[in-house]
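Heads up: the structure comes next, in structure tokens.
Just so it is clear, none of the values below were taken in a lab; they were calculated from the coordinates. It should be emphasised that the depicted structure is a prediction, and the values quoted were computed from it without experimental measurement. Don't worry about glycine lacking a Cβ; one is built from the backbone with ideal geometry, like all the others, and counts go over all protein chains shown.
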Amino acid sequence: MINRIAKIGDRLVGDNQPTFIIAECGINHCGDLSAALQLVTAAYEAGADAVKFQKRDPELCVPDEQKGVMRDTPWGMMTYLEYRYHVEFGKSAYKIINEHCKSLDIMWFASAWNASSVDFLLGKPWGEFNLPVIKVPSAVLTDFTVLERIYYWQTEHPDLAVIMSTGGSTIEQIKTAVMTFPWKNLILLHCVSEYPCKNEYLNLKMIDTYRHMGGLEGIPIGYSGHEVGLATTLAAVALGASVIERHFTLDRASYGSDQAASVEPGGFARMVKDIRAIEVAMGDGKKVITPGEVKTMEKLRRVKGE
């Protein structure tokens, strides 16, 4: 049997390991550093193992035809490009986030949406953030400029883990992204890129499909969910997901495209508690008779077998 194991910082992730739970803060902070710090604290208190943000260069990532489109925001009318800059954090903000996460002893990392954002997160001086992991978002899975840059930094720092989401991608595109580079510490997340996603499209059995797919041997498989509710995420854990990522918000009624598919602190805490209960309940698959069963059978069983 193949053992699927990766390492994020000092944490082993994969088969027979505790589920690694990520609170995806994304841009739910709406560019407000105070809100971002509140998200980090709330995620820590809810039991998350890590918080994740998103990093992009709006000038490069926003399509030309959308840059001038006007958008009505809580901060007034502005172009879509101006809006994207409004919700983007720079080096000084991430330094504060980094220190806040250190004070709480919770990991943080980010999705990199373009090559310069990879360098922002991982580049020199390496010790500035010392991130243990970086995320390839679903939209970037086919962008080999970004993948090549991440792989370059992993060759410089072999302990760096890479999490790759698969939303909106074909099996061929996924295998190409996985097999083009000799990745180390790679984790693959099943994902459906709809916000929010209807249950009938979640296709959770893909978790098991990936676990048995040629070319993905040894790679831990996780789940990045965008659905409303928690039951299906818990089902993903029971199906073998080693990593769980859910969008996280202080208030689902807040402004932003990801809020409706996000989980508030109370719900996230319940999810973490239920995931830990599932881990205990899964057992090891070996049939045993518990002490309680012995007592029950002594009272109820009339005919004893061999």
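List of remarks:
- With Cα atoms, 0 to 90° folded angle of helix 144-156 axis to the chain main axis: 70 degrees
- Between the helical axis of 291-300 and the longest alpha-carbon principal axis of the chain there is an angle of about 40 degrees.
- Spread over its residues, the convex hull of the C-alpha atoms of the chain is 164 Å³ per residue.
- Rg/Rh for the stretch 15-137, where both radii come from Cα atoms and Rh is the Kirkwood radius: 1.00
- The slack between D284 and E45, meaning 0.36 nm per residue of separation minus the straight C-alpha distance, is 83.1 nm.
- Most to least packed among 133-139, 266-272, 60-66 [average Cβ atoms within 10 Å]: 133-139, 266-272, 60-66
- Whole-Å distance, taken between Cα centres, linking the stretch 268-294 and the stretch 48-96: 42 Å
- Under 19 Å from K91, Cα to Cα: lysines that are on another chain or at least 8 residues apart: K52, K55, K102, K124, K135
- Angle between the chain longest axis and helix 91-104 axis [Cα atoms, degrees, rounded to 10]: 30 degrees
- Which of Q17, A93, H190, positive extreme of dipole for the chain (C-beta unit charges): Q17
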